[in-house]
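Readers should treat all values here as calculations from the given coordinates under stated rules, not as data from a laboratory. Here the structure is a predicted model, which is why all the values come from computation and not from measurement. FYI the Cβ positions are ideal-geometry reconstructions off the backbone, even for glycines, and counts take in every protein chain you see.
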Amino acid sequence: MNLGASPGDGYSDAPYLYIGPWGPERPGDTKFWNAPFGAALTRSDLTPEGDWMEAAVHFLHTGLHNAAGETD
């Protein structure tokens, strides 16, 4: 599993967090896996009204749980 951040690239001009499984499996909620490499959360998805750090941690936590086949 790859976890990281990109300042922007060929996938998105905007900065984003990502989680990318090493294999083709995308377990758990299929709506979570929204990118060809796994899942991405753009900076614009981290709304100023909320706690951006909490949203970022929640995104990565959810991705790890999905990849492990766990449900909350």
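See the values below:
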read-out	value
Dipole moment magnitude, nearest 20 debye, the chain about Cα centre, only Lys, Arg, Asp, Glu C-beta charged	220
Contour minus Cα-Cα distance for His61 and Trp22 (0.36 nm per residue)	12.4 nm
Directionally averaged projected area (convex hull, Cα atoms, the chain), nm²	4.9
Full-extension gain in nm, Phe37 to Ala14, via 0.36 nm per residue minus C-alpha separation	6.7 nm
Helical contribution to [θ] at 222 nm, DSSP H n ≥ 4, -39,500 (n - 2.57), averaged over the chain, rounded to 500	-7500 deg cm²/dmol
Nearest 10 degrees, 0 to 90: helix 52-67 Cα axis against the chain principal axis	20
